[in-house]
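Beneath this line is the structure, given in structure tokens, with notes to follow.
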Amino acid sequence: MQVGLLCSGGVDDLRHVDLGLVYDIGIRTLFIACYEDEVRWQAEDLAGFFRQARAAGLEPYAVPWGYGRLLAPDPSIDSLYLQVHPDTSQVDSRGKRVRKACPNDPRFLEWFSSSVRTLAWLLECRGFVWDEPGFHHHRGLWSCRCGYCKRLFAAAYGHEMPRELTDEVLLFRRQSVSMFLLAAAAAVRSVDRRLQSLVVPSPRLGKEQRYTGSEDIAVLAQCAGVDGLCITVPWQEMGWDMEYGIREVNKGPAQIAHAHKKGCGLWLMAGPRREDRTIDALEFAARAGTDAVVLSDYDGLIAAPGFSAMRPALADAIARVGQDAARAVVARPRRRRSRG
Ligand SMILES: [Zn+2]
């Protein structure tokens, strides 16, 4: 089982990341948040960090956040693009604009493709993670009913888009997310065809299913633009047993991904406190046949008080689970640069 780590703090935080320590505890894959607004002004600093990560023996993945707030699970993440182009945002079922770009708007799509292509040029990375791309759905309100979506829907189904979230509308939105993922993967593969595209679907939170267009794992796993899935396991947030959370993902989404010959990684909140159960979760995930785990995140785990006390046990656990010959989310790189 592969073990990766998320660095979500942004460019200023990256300066404090101890890459040697990350390598020494056995982590080999780093997922690095690339905030739209930071990429605009601090691209060189970001590119420098990716180079350092590779030189330290780590395989970095870029996680673009912001980007019309289409790739921003956290509502506090801003997008200068959306501020300047509010007319490309989604329109909800009341006819109001939502602060999220529409993946069917050709102006947004063109800007997005060109932005991630530039990012792929700039960053020496193994691939990209597209985090929860999709449509707005909250308290009965849903999007998108912009002119482009309505026109595309009418062309596909031969009638106007209904005002209710019917099965046809749900299917249309899933297909729209697939088309967006194809465009995203094509943009980065145009720079280097080996660049991987992983997708994080919206998490299922208990009984409530948010219909964002990324809820159907089979549709995502079938998409030619998707090389693997990353599933959030919100066991702490939901008050589930950790074992239950991991088992549910391995029974459901991971099996679907495997049926389509794609890998499936779990994103787990990690920390040094006993109740975080980080080492238990790693060992349980490995026993349950998980392909890969991404620990979230550097600040909450390695930079947190109490980490030094857990460090030897964590390194031992990573060494143990790393020996499991489970399939990887993505193929291992052919050649790894030497350290230093
Ligand atoms: Zn739209």
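Here, each number is a calculation from the coordinates, and none is a lab measurement. As the structure is a prediction and not an experimental result, all values here were calculated from the model. Cβ: placed from backbone, ideal geometry, glycine included. Neighbour counts: every protein chain shown.
The table that follows gives values for the structure above.
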quantity	calculated
Full-stretch length increase - D280, Q323 - with 0.36 nm per residue and alpha-carbon distance subtracted	13.8 nm
Added length on full extension, which subtracts the Cα-Cα distance from 0.36 nm per residue, S76 to A303	79.5 nm
Rel. contact order, % - alpha carbon contacts under 8 angstrom, at least six apart, the stretch 153-227	36
Rg over Rh [alpha-carbon atoms, Kirkwood Rh] for the stretch 64-118	0.95
Contact order relative to length of the chain, as percent, for alpha carbon pairs under 8 angstrom and 6 or more apart	19
Options S114, H136, A154, ranked by Cα towards positive dipole end of the stretch 61-220, top entry (Cβ charges)	A154
Cα radius of gyration and Dmax for the stretch 2-322 (Å)	19.5, 63
Positive dipole terminus of the chain, leading residue within A254, A315, W267 (C-beta point charges)	A254
Mean Cα-pair separation over length for the stretch 19-105, i.e. relative contact order, pairs under 8 Å, 6 or more apart, %	25
Reachable lysines, given that their alpha-carbon falls under 28 Å from the alpha-carbon of K251 and they are not under 8 places away in the same chain	K207, K261, K262
Rg/Rh for the stretch 158-220, where both radii come from Cα atoms and Rh is the Kirkwood radius	1.07
Karplus (6.51, -1.76, 1.60) ³J(HN,Hα), θ = phi - 60°, over the stretch 181-186, in Hz, Gly and Pro reported as x	5, 4, 5, 5, 5, 5
Mean Cβ neighbour count within 10 Å, used as a protection proxy, ranking 77-85, 194-202 highest first	194-202, 77-85
Listed peptides 161-173, 280-292 by packing density, highest first (mean Cβ within 10 Å)	280-292, 161-173
Net lengthening on full extension, R139/D316 (0.36 nm per residue, minus Cα-Cα)	59.2 nm
Partners for K100 among aspartates and glutamates (Cα-Cα distance below 14 Å; same-chain residues under 8 apart left out)	E36, D74, D78, D87, D92, D131, E132
The stretch 122-169 versus the stretch 72-94: alpha-carbon centroid distance in Å	14
Size of charge dipole - the chain - debye, nearest 20, with Cβ of Lys, Arg +1 and Asp, Glu -1, no other charges	900
Listed peptides 265-278, 42-55, 304-317, 120-133 by packing density, highest first (mean Cβ within 10 Å)	120-133, 265-278, 42-55, 304-317
